[in-house]
There are 2 protein chains.
Amino acid sequence: MNESTTRDADLTRARILEAAFDLFVDRGFAAVTMRELAEASGVTKSLIHHHFGNKEGLWDAVKEMAFARYYEGQKADLERSGDPDANLLSNSVVRYFRFLAENPRVVRLFSWAHLEGDSSCSHMDAELVELGAGRVRQAQEAGQLRDDVNPTHVVTTFVNACTQWFATCEHHADWPGMGSDEEYLADFLKIFMRGLQPD
Amino acid sequence: MNESTTRDADLTRARILEAAFDLFVDRGFAAVTMRELAEASGVTKSLIHHHFGNKEGLWDAVKEMAFARYYEGQKADLERSGDPDANLLSNSVVRYFRFLAENPRVVRLFSWAHLEGDSSCSHMDAELVELGAGRVRQAQEAGQLRDDVNPTHVVTTFVNACTQWFATCEHHADWPGMGSDEEYLADFLKIFMRGLQPD
DNA sequence: TTACTAACTGGCCGGCCGGTCAATTGGGGC
DNA sequence: GCCCCAATTGACCGGCCGGCCAGTTAGTAA
């Protein structure tokens, strides 16, 4: 039987969220209309208002869902790799880079949200960076990384280098001299890791 | 005498462009209305249509103006510093970083344009990166930089690290452990330049 | 079976959207 | 001084915007 005919508020909300995610990621909040959202979700405009209040409520819900997934994944990643060996930082960079490679739409969503001034996720971002910075500090104290640089800046540097790569990848994909995702990652790691070697 | 009452097409166009730049930078293309643009410019809506055709024409003109300024400045910077000494790359990073620090609104404009799929400036960006990559290659051949990394990736790495810093600076400005612009730049340079030292 | 509640629909609303057009104004060339 | 054309205006347009609301339908608990 087709379950789409039966009433299921959670399923409906999920379907609306999914369709809204796609539309908002592609065109941003302002350029998407409630009518498009309704059609893409397969429900009526009124039903979206019923479940999410208004357009901004839906936008907030989409951002919250996307960031919650991102946050959980990253936190698990950071807490998993327990033993602080010399490759921990390198592995973290690779994991972060690959996560973005597999979730490019999340990068776009956060870019829109940030440009529009959204700061609701800032504290979660701060927490992740703090977690990472703590790991870097441990490695510094263990003599595995140079200790004359701010650990927070170390994390920020690689997060920036990875994020911006995927934020602009459609542009530079076919520029002369530009390598693939993995080639860029390899070169960045060469520079980054040697740059962090202790004296 | 108040010159604003006299007719001057160039001045009018410049005024419209300036006001539109501010509005588009703050809220993006879709969220700004022609009425707001007209009021901010001190002219009528019809006059904007007269000079720029339609809303998209104005948006294109704003992007073109902003990117032309950016492109000229960067190209001059790249061609000025002629003698390839060991500090050339370091100086280039500093100059690029400081340019962004002084023109944060340009970063925002390009972010909007990129998210909306604009690729009209891509070839100019490519040219700048190629110019920079050529410099890196020269330094590699002179034995001043390690030569086992792609020069284009070297340029991209520092451009990404700088751009993303200013794209997200409102967020992380007050995060615990995060330093000032100059402190981040100093730490990034430490890592980046040591990471590029020849074997 | 019934009564209640939440899910869901379709039509409607006032208002603002981008854009057009006819009319007016003013400055520069003759 | 006159004329012409570009600059500029304000009224106006059809259409779409987000949101609302009265009504209908389907699960669910008593």
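The values are calculated or read from the model by the stated rules, or taken from the named source; none is laboratory data. Treat the numbers as computed from the prediction; the structure is a model and nothing was measured. Using ideal geometry, Cβ is built from the backbone for each residue, glycine included, and neighbour counts are taken over all protein chains shown. These area figures cover heavy atoms from the full protein model, side chains too; ligands, DNA and RNA do not enter into them. Shrake-Rupley method; radii C 1.70, N 1.55, O 1.52, S 1.80 Å.
Overview of values
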{"read-out": "The range B:19-32 residues that are on the phi > 0 side of the Ramachandran plot, paired with ones that are of a type outside the set (A, V, I, L, M) and surrounded by fewer than 19 Cβ atoms within 10 Å (Cβ to Cβ) (beta carbon under 8 Å, 6 or more apart)", "value": "B:28/A:116; B:28/B:116"}
{"read-out": "Residues satisfying the stated conditions in the range A:186-196, i.e. surrounded by 20 or more Cβ atoms within 10 Å (Cβ to Cβ) and closer than 16 Å to residue B:189 by Cα", "value": "A:188, A:191, A:192, A:195, A:196"}
{"read-out": "Residue satisfying all of: in the range A:34-84; within 26 Å of residue A:144 (Cα to Cα), touching a residue at least 40 places away in the same chain (Cβ under 8 Å) and among the charged types (D, E, K, R); nearest to DNA strand C (Cβ to nearest atom) among these", "value": "A:75"}
{"read-out": "Residue list for the range B:126-150, filter: in a helix (DSSP H, G or I), open to solvent by less than 40 Å² (accessible area, probe 1.4 Å) and within 7 Å of chain A (Cβ to nearest Cβ)", "value": "B:126, B:129, B:133"}
{"read-out": "Every residue from the range B:167-185 that is outside any helix (DSSP H, G or I) and either more than 9 Å from every other protein chain (Cβ to nearest Cβ) or open to solvent by 60 Å² or more (accessible area, probe 1.4 Å) (or both)", "value": "B:173, B:174, B:176, B:180"}
{"read-out": "Wholly within the range B:1-113, helices (runs of 4 or more DSSP H) carrying at least 2 residues that are within 16 Å of DNA strand D (Cβ to nearest atom) and surrounded by fewer than 19 Cβ atoms within 10 Å (Cβ to Cβ)", "value": "B:9-27, B:34-41, B:45-52, B:55-80"}
{"read-out": "Number of the exception - residue B:24 against (1) within 14 Å of another protein chain (Cβ to nearest Cβ); (2) within 11 Å of DNA strand C (Cβ to nearest atom)", "value": "(2)"}
{"read-out": "Every pair of residues 6+ apart whose Cβ atoms lie under 9 Å, when the first sits in the range A:130-144 and is without any contact (Cβ under 8 Å) to a residue 24 or more places away in the chain while the second is of a type in the set (Phe, Trp, Tyr)", "value": "A:130/B:175"}
